[in-house]
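Input: a single structure, listed below in structure tokens.
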Amino acid sequence: MYIILLLAFFFAAMGIILIYFLTLSVFDRTLDMESLPTLAIFGVIGLVFIFFTNGLNAALARAYRSAVWDEKTSLTKFYSYALEKSVETFGIMLVRDLFWLLLSGPAIALYYYFMEGVEFMDLLVWTYVLFVTFVVHMLFTPAFISAGAFNMSTYNSMKHAFDFLRKRHIFFIGMFTLFAVVWALNFIPFVQFVTVFFAYPLLYAAMIVMMESTLKIEEGKDD
């Protein structure tokens, strides 16, 4: 269901881009990838696609939790829940990316303006950025799980994530490290069939169960 809807949103985005190209052709305008209208169109389409993708990830988390408890998920429920949770998960993503920018932005700016060309400095900076990316995504993953699997609001998702990390941070670091390795394997041809349809769902469901058992969460109850 996730793959079908992801492809549907992707082709819808491509359709809007195609309409833009046809509009330029009708008015006899050349395509300039650096022009402000083109950048605005691509930016808006990108944000809308990311917005709905976050909702799909939330619906996927809920579907994993339902599977753990041997409950069925229909395509209609999956789609409606994805639309419903897009706002909350998009908000969590914005907060996460703001944290990432605050931690990584200064290092990247210093590198490009003052240290570019210094031996081994590029390796040092990008290692730091990769480490920050890993830590920030790890810290916010429980918030995405709370919003998606347990139908929490943005604020309460963040609160439950903090409580969970405070209680089970050591175990979750190991779990998330393994999850990150599996996520990276999704981009290797043929191996991805095993990770996408077996390893990834198994590990994500394990994180959901760990969080639920730690906090004794009841779905839809924020407090």
Note on segment 39-62: residues surrounded by fewer than 22 Cβ atoms within 10 Å (Cβ to Cβ) and small (Gly, Ala, Ser) are Ala40, Gly43, Gly46
Subset of segment 142-172 that is among the hydroxyl-bearing types (Ser, Thr, Tyr) and buried (at least 24 other Cβ atoms within 10 Å of the Cβ) - its residue that is farthest from Thr214 (Cα to Cα)
Ser157
Looking at Val95, Val87, Val132, can you tell me which residue is over 22 Å from Tyr155 (Cα atoms) and either of a type in the set (Val, Ile, Thr) or touching a Lys or Arg at 6+ places or on another chain (Cβ under 8 Å) (or both)?
Val132
Which members of segment 10-59 meet the condition of being at pLDDT below 85 and either under 30 Å from Pro142 (Cβ atoms) or acidic (Asp, Glu) (or both)?
Asp28, Asp32, Glu34
Looking at the structure I just gave you, is Phe187 part of a helix (DSSP H, G or I) and modelled with pLDDT under 95?
no
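Quick grid of which residues meet (1) among the β-branched types (Val, Ile, Thr); (2) at pLDDT 90 or above; (3) under 16 Å from the mean Cα position of the chain (by Cα):
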residue	(1), (2), (3)
Leu98	no, yes, yes
Val118	yes, no, no
Thr133	yes, yes, yes
Met138	no, yes, yes
Given (1) touching a Leu at 6+ places or on another chain (Cβ under 6 Å); (2) of a type outside the set (Lys, Arg); (3) within 17 Å of Ile4 (Cβ to Cβ), number of the condition Val132 does not satisfy
(3)
Which condition does Glu71 not pass, out of (1) under 19 Å from the mean Cα position of the chain (by Cα); (2) within 17 Å of Glu212 (Cα to Cα); (3) not small (Gly, Ala, Ser), if it passes all the others?
(1)
Would you confirm whether or not segment 65-73 contains a residue that is surrounded by fewer than 17 Cβ atoms within 10 Å (Cβ to Cβ), outside any helix (DSSP H, G or I) and polar (S, T, N, Q)?
no
Anything in segment 1-42 that is of a type outside the set (Val, Ile, Thr), over 21 Å from Val196 (Cβ atoms) and not in a helix (DSSP H, G or I)? List them, or say none.
Phe27, Asp28, Arg29, Leu31, Asp32, Met33, Glu34, Ser35
Starting from segment 202-223, keep only residues that are on the phi > 0 side of the Ramachandran plot, then list their pairs with residues that are among the aromatic types (Phe, Trp, Tyr) and at pLDDT 65 or above whose Cβ atoms are within a distance under 8 Å, requiring at least 6 positions of separation or different chains.
Gly220/Phe150
List every residue pair whose Cβ atoms lie under 7 Å apart, where the two residues are 6 or more positions apart in sequence or sit on different chains, the first residue falls within segment 28-47 and is touching a residue at least 24 places away in the same chain (Cβ under 8 Å) and under 28 Å from Phe90 (Cβ atoms), and the second residue, located anywhere, is assigned to a loop (DSSP other than H, G, I, E, B) and of a type in the set (A, V, I, L, M).
none
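Rundown of residues vs (1) at pLDDT below 90; (2) closer than 20 Å to Arg65 by Cα; (3) touching a strand residue (DSSP E or B) at 6+ places or on another chain (Cβ under 7 Å); (4) part of a helix (DSSP H, G or I), yes/no style:
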{"position": "Met93", "(1), (2), (3), (4)": "no, no, no, yes"}
{"position": "Ser104", "(1), (2), (3), (4)": "no, no, no, yes"}
{"position": "Asp122", "(1), (2), (3), (4)": "yes, no, no, yes"}
{"position": "Val129", "(1), (2), (3), (4)": "no, no, no, yes"}
{"position": "Phe171", "(1), (2), (3), (4)": "no, yes, no, yes"}
{"position": "Trp183", "(1), (2), (3), (4)": "yes, yes, no, yes"}
Residues that are without any contact (Cβ under 8 Å) to a residue 12 or more places away in the chain, more than 20 Å from Leu139 (Cα to Cα) and either touching a Phe, Trp or Tyr at 6+ places or on another chain (Cβ under 9 Å) or not acidic (Asp, Glu) (or both), drawn from segment 60-94
Ser66, Trp69, Lys72, Ser74, Thr76, Lys77, Ser80
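The values are calculated or read from the model by the stated rules, or taken from the named source; none is laboratory data. It should be emphasised that the depicted structure is a prediction, and the values quoted were computed from it without experimental measurement. As a convention, Cβ positions derive from the backbone with ideal geometry for all residues, glycine included, and neighbour counts pool all protein chains shown.
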